[in-house]
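First the structure, in the form of structure tokens, and then the observations on it.
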Amino acid sequence: MAADTTSGVRVGVIGVGHLGRHHARLLATLPGVRLTGVVDILPDRAGAVAQASGTEPFTDYHALFGRVDAVTIAVPTAAHLEVARAFLQQGVHVLVEKPMTATLAEADEMIALAAESGATLAVGHTERFNPAIAAALPILATPRFIEVHRLSGFPERSLDIDVIFDVMIHDLDIVQAVDRSEVMSVDAIGVPVLTPRVDIANVRLKFASGCIANITASRISRDKIRKVRFFQPDMYVSVDYQAQELELWRLRPVEGSRPAIEGGKLPVAADEPLGRELVDFVSSIRDGRPPGVTGEDGRKALALATRVAQAIGQ
């Protein structure tokens, strides 16, 4: 449902740790948005982020009841449904970070709650809003092979979930946005190295279209690499998520001679993906349209991540 935005969309941020503090920072600067408050169970953290963002701190999300039109939720995954439920039942619009819930049953409940109340439900798959990916998606018609490497150093956060749900799920969402046919087979391996949970994983997906996607995700690598390459007939497309760079190479027929290879970098206007995601969320509320990544999209990514985990034996 569309919100009355004549005085600005009132938004609260719940959980202002590593990621939530950036939600607050960006929302505080968006035109037509009133950052009503930030919530964190750590009073000092809530206070510091509130002061930096020019808003009010709270330690209990119930304090936002009646004060907000929308919330963004960046608490640990296990608490996503509890917090989202409290607001969706009141018709408050929700953007919940990925993975949207801990289980598919919880995702189904969250989607049903949004449908019943008419509230917008968006899921924070920020790579969909990466300018390089956004520029690449219209180009990709029939990829036959997709290769992804998402490698980073050991984090001090999100250790309540493994690398599949923390890191790989971004790319599971992207490949399903590119190829919307059914995933026919999942062949995966994962290894716990520094934690009891899987820290590095590789999966090979086969789609009904015939496309194969090979995805490697690691949170124990020395170098930070976030790249995806798409191969389709007569075309190669490469995206560097981190640098926000897009390259396209294709064959150009040359009469009477061998085909020529042409291409190179395409122009991409660099921007912060999270900021673009929040703009999309707020505008979807104003316009009464679905957000760029819906609850159903988030569930689809979670379902595939669950299949990967099951293939590994988790």
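Below are the figures for this structure:
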{"read-out": "Top-ranked residue of segment 241-292 - restricted to ones that are in a loop (DSSP other than H, G, I, E, B) and basic (Lys, Arg), ranked as nearest to Asn130 (Cα to Cα)", "value": "Arg289"}
{"read-out": "Tabulated pairs, segment 181-204, first closer than 16 Å to Val167 by Cα, second of a type in the set (Phe, Trp, Tyr), C-beta under 6 angstrom, 6+ apart or interchain", "value": "Leu194/Phe154"}
{"read-out": "Every residue from segment 237-275 that is surrounded by fewer than 16 Cβ atoms within 10 Å (Cβ to Cβ), over 19 Å from the mean Cα position of the chain (by Cα), within 22 Å of Val178 (Cβ to Cβ) and not charged (D, E, K, R)", "value": "Trp249, Leu251, Gly263, Gly264, Leu266, Pro267, Ala269"}
{"read-out": "Checking Val198 against (1) of a type outside the set (D, E, K, R); (2) closer than 24 Å to Thr101 by Cβ; (3) at pLDDT 95 or above; (4) touching an Asp or Glu at 6+ places or on another chain (Cβ under 8 Å), the condition it does not meet", "value": "(3)"}
{"read-out": "Residue in segment 55-62 that is buried (at least 24 other Cβ atoms within 10 Å of the Cβ), in contact with a Ser or Thr (Cβ under 9 Å, 6 or more places away or on another chain) and at pLDDT 95 or above present", "value": "no"}
{"read-out": "Matching entry among Leu81, Leu35 (being part of a strand (DSSP E or B) and modelled with pLDDT of 95 or more)", "value": "Leu35"}
{"read-out": "Any chance Ala112 is in a strand (DSSP E or B) and closer than 23 Å to Ile73 by Cβ", "value": "no"}
{"read-out": "Residue match in segment 226-238 (condition: at pLDDT below 95, within 30 Å of Thr101 (Cβ to Cβ) and not polar (S, T, N, Q))", "value": "no"}
{"read-out": "Residue match in segment 112-122 (condition: buried (at least 22 other Cβ atoms within 10 Å of the Cβ), of a type outside the set (A, V, I, L, M) and within 24 Å of Ile174 (Cα to Cα))", "value": "yes"}
{"read-out": "Selection within segment 82-133 - without any contact (Cβ under 8 Å) to a residue 60 or more places away in the chain and closer than 14 Å to Glu277 by Cβ", "value": "Val94"}
{"read-out": "Residue among Glu277, Glu255, Glu262 that alone is closer than 30 Å to Val11 by Cβ and acidic (Asp, Glu)", "value": "Glu277"}
{"read-out": "Hey, Ser238 of a type outside the set (D, E, K, R), free of Cβ contacts under 8 Å to residues at least 12 places away in the same chain and either part of a strand (DSSP E or B) or touching a Lys or Arg at 6+ places or on another chain (Cβ under 9 Å) (or both) or not", "value": "yes"}
{"read-out": "Evaluation of Cys211 against (1) within 22 Å of the chain's Cα centre (by Cα); (2) crowded, with 19+ Cβ neighbours inside 10 Å; (3) not β-branched (Val, Ile, Thr) (one fails), failing number", "value": "(1)"}
{"read-out": "Among (1) under 28 Å from Ala188 (Cα atoms); (2) in contact with a strand residue (DSSP E or B) (Cβ under 8 Å, 6 or more places away or on another chain); (3) aromatic (Phe, Trp, Tyr), the one test that Tyr61 misses", "value": "(1)"}
{"read-out": "Exclusive hit being in contact with a Leu (Cβ under 8 Å, 6 or more places away or on another chain) and in contact (Cβ under 8 Å) with a residue 12 or more places away in the chain, set Arg226, Arg307, Arg286", "value": "Arg226"}
{"read-out": "Residues satisfying the stated conditions in segment 35-45, i.e. buried (at least 18 other Cβ atoms within 10 Å of the Cβ) and among the charged types (D, E, K, R)", "value": "Asp40, Arg45"}
{"read-out": "Flag for Val38 being β-branched (Val, Ile, Thr), on the phi < 0 side of the Ramachandran plot and touching a Phe, Trp or Tyr at 6+ places or on another chain (Cβ under 8 Å)", "value": "yes"}
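For every residue, the table says whether it meets (1) without any contact (Cβ under 8 Å) to a residue 12 or more places away in the chain; (2) part of a helix (DSSP H, G or I); (3) under 23 Å from Leu88 (Cα atoms); (4) not hydroxyl-bearing (Ser, Thr, Tyr).
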position	(1), (2), (3), (4)
Arg10	no, no, yes, yes
Asp44	yes, yes, no, yes
Val49	no, yes, no, yes
Thr72	no, no, yes, no
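The values are calculated or read from the model by the stated rules, or taken from the named source; none is laboratory data. Since the model is a prediction, treat every value here as computed from it, not as a measurement. Cβ atoms come from the backbone with ideal geometry, glycine included; neighbour counts cover every protein chain shown.
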